[in-house]
Amino acid sequence: MSTLGPGPLASRRDGTSYLRAINRALHEEMERDANVLVIGLDVGRQGGIFGATRGLYDRFGATRVIDMPISEAGYTGAAIGLAMEGLRPVVEIQFADFVTVAFDQLATVAAKMHYLTRGSASVPLVVRMPYGANVSGEGYMTGAGPHHSQSVEAWFCHLAGMKVVMPSTPADALGLLKSAIRDDNPVMFFEHKSLYYTLRAPVPETEHFVPIGKADIKRSGTDATVIATGAMVHVALSVSERLGQEGVSIEVLDPRTLVPLDRAAILASVAKTGRVVISHEAPRTGGFGAEIAAVIAEEGFRHLKAPIKRVCAHDMPVPAGRAARSALPGAERIAAALRDVLQA
Amino acid sequence: MAVGVAMADRLRGKDTITVTFFGDGGANEGAVHEAMNLAGSKRIPIVFIAENNGIAISMRVSESTAAPDLACRAAGYGMPGQVVDGQDPIAVHEATTRAVARARAGHGPSLIELRIARWESHVEGFPELRSAEEVASARSHDGVARLRKLLLDGDVLSEADVAMIEAGCRNEVDDAVIEGLRDGLDLAEPAPYSAADAQRLTFAP
């Protein structure tokens, strides 16, 4: 069975956890700007179901850390109104799966406000969404079932009016969340919940920003590129590590932001390696991997030495428990896809 | 969204009251329930106005809701709910004044259901599903005419005053139309959008 790490980025004991990095970003931004609010279910005294908002209630009080009834459409709509009035709400959707009931507010109101008002109103809103299951095969959060495990990022990429961010490391989570809070657009911020407690890595002690819209090469290589998001970045890294021992040099590119997409970074990597595997945890059909593949086909076709391969979830709900492992993409499927593109 | 606007004002210590309007059709959206529940539970300074004209495109209130009115829903959110004759300007003024005062005093939201009448079909050119009598009855209720009569009967305004106000209103509408046309609401073919235009129009810098 494949394992997550400890890869080049992941360490069990040292550094800051992915969850702690998110918590730190919230603390820093709320400290800096009194307009930043946190809104959601159990975000106050409870500190969030996963602990991301721990300590905020004690520090900033109930007027800025606002517990809401189970009412995603209601509080997401209210957050949009707050944002239009110049506040900077950060909404936590307890599980990304639950955003469906707030979707109208995001798609119909938030995504279109700048256009509808010719830019006179903006919606500086961040929606934090813990998403995903676990694909490491290490036994933690193996599929929390069809309603608590989905990767729903592609829905928002198609709305034309919001930014979509998915950090894979503690440093990126910290830097991107701070950038998202300062952005004047709605930003959908996808946090991989299997990384919350398991992934620790060094994070700059000084103030740290990661710009929205910039990809990152998580491992440099020359023979093939894996473009991966979220937890799949770490699966790709451990596969690359293993293949590296066999003398194959794999590059791992993490787009970090899906909208706007860093096409230049993707095309530069494709120009270098000519072989591409794309991996995400969302189902294959209509997943964001299709968009990345299309960008490469349109603008980088001449660099390709092999057909593009996608390693995604099967088109099915995420099963509960261990059965999730075979439904979701894992290390063996990435390794097999890499062998395919390297042999083509 | 309206609840958020009201929350923002309260956070900033303003005494502004938000008033939000929806119809008998929209009243059955889940988001309206969630907004009213949020406002009730957090005592948000907002007034919900349900404009009930009895029919949503073709769906009659009697078919879309089993309750005798919409105002009774307020009880579920811990706020006062009141049915008001929406064509009686004095009654509307009294009800809204009360609701605004309540919100301003920190007691939270209210729901006012204004019973009004739909003069035309929902969209111009749609077939009229109501009987001729029903439409005639709807048109006989005119809040503006009623207020005019009230003010004339009470010697608050003279016929000349009324004529002057009405002419002023007509001019205001005419000016708005002229201004709109001048600002490009004409039938000229718009310039084609580039991908960069789309980005600029859709996202804040």
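FYI, it's all coordinate maths here, none of it is from the lab. Quick caveat: nothing in here was measured; it's all calculated off a predicted structure. Glycine also receives a Cβ, built like all others from the backbone with ideal geometry; neighbour counts cover every protein chain displayed.
Between B:TYR193 and B:GLU133, take the C-beta separation as r, use R0 = 30 Å, and let me know the FRET efficiency to the nearest 0.05. Efficiency, rounded to the nearest 0.05: 0.05. By the compact-protein rule of thumb, 2.2 N^0.38 Å, the alpha-carbon radius of gyration of the range A:56-160 corresponds to a ratio of 1.21. The order of A:THR273, A:THR229, A:THR117, going from fewest to most other C-beta atoms within 10 Å of their C-beta, is A:THR117, A:THR273, A:THR229.
The charge dipole of the range A:59-118, taken about the Cα centre with unit charges on the Cβ atoms of Lys, Arg (+1) and Asp, Glu (-1), comes to about 340 debye, rounded to the nearest 20.
Kindly flag which residue pairs out of A:LYS112/A:LYS178; B:LYS14/B:LYS42; A:LYS193/B:LYS42; A:LYS272/A:LYS309 have an alpha-carbon separation exceeding 21 Å in this structure. Going by Cα-Cα distance, A:LYS112/A:LYS178; A:LYS193/B:LYS42 fall outside the 21 Å limit. Taking the longest Cα principal axis of chain A as reference, the axis of helix A:263-273 is set at about 20 degrees. The distance separating the Cα centre of the range B:114-140 from that of the range B:160-205 comes to 28 Å.
A Cα-only calculation for chain B places Rg and Dmax at 21.1, 62 Å.
Computing FRET efficiency as 1/(1 + (r/R0)^6) for B:GLU120 and B:ASN28, where r is the C-beta to C-beta distance and R0 is 25 Å, gives about 0.65.
Charge dipole (Cα centre; +1 on Lys/Arg Cβ, -1 on Asp/Glu Cβ; no other charges) of the protein assembly as shown amounts to roughly 2620 debye.
Shape of the range A:166-257 from the C-alpha gyration tensor: prolate (a/c of 1.5 or more and a/b above b/c, with a ≥ b ≥ c the square roots of its eigenvalues). When every Cα-Cα distance of the range B:20-126 is counted in 5 angstrom steps from zero, the calculated P(r) takes the values 2, 13, 23, 24, 18, 12, 6, 2, 1, 0 percent. The residues A:TRP155, B:TRP119, when put in order of fewest to most other Cβ atoms within 10 Å, stand as B:TRP119, A:TRP155. Only helices enter this figure: runs of n ≥ 4 DSSP H residues, each worth -39500 (n - 2.57), summed and divided by the residues of the protein assembly as shown, yield -11500 deg cm²/dmol at 222 nm to the nearest 500. Ordered from longest to shortest, the equivalent ellipsoid semi-axes for chain A are 33, 21, 19 Å, each the square root of 5 times a Cα gyration tensor eigenvalue. Rounded if a/c is under 1.5, else prolate if a/b beats b/c, else oblate: with a ≥ b ≥ c from the C-alpha gyration tensor eigenvalues square-rooted, which is the range A:52-100? Since a/c reaches 1.5 but b/c is at least a/b, the shape of the range A:52-100 is classed as oblate.
Relative to the longest principal axis of the Cα atoms of chain A, helix A:288-299 runs at roughly 60 degrees. Among A:HIS303, A:HIS114, sorting on how many other beta-carbon atoms sit within 10 Å of each Cβ, with the fewest leading, yields A:HIS303, A:HIS114. Evaluating 6.51 cos²θ - 1.76 cosθ + 1.60 at θ = phi - 60° for every residue in the range B:190-195, the Karplus couplings come out as x, 5, x, 7, 9, 4 Hz, glycine and proline recorded as x. When you filter the GluC sites (Glu not before Pro) in the range B:29-131 for DSSP loop state and at most 14 other Cβ atoms inside 10 Å of their Cβ, you are left with B:GLU29, B:GLU120, B:GLU124, B:GLU128.
Pairs of Cα atoms nearer than 8 Å and 6+ residues apart set the relative contact order; for chain B it is 18 percent. Name the shape class, rounded, prolate or oblate, that the alpha-carbon gyration tensor gives for the range A:203-344, where a ≥ b ≥ c are the square roots of its eigenvalues, rounded holds for a/c under 1.5, and otherwise prolate holds if a/b is larger than b/c and oblate otherwise. Cα axes put the range A:203-344 in the rounded bin.
With one equal scatterer per alpha carbon and no solvent term, the Debye-computed log10 I(q)/I(0) for the range A:109-245 at 0.14 1/Å reads -0.74.
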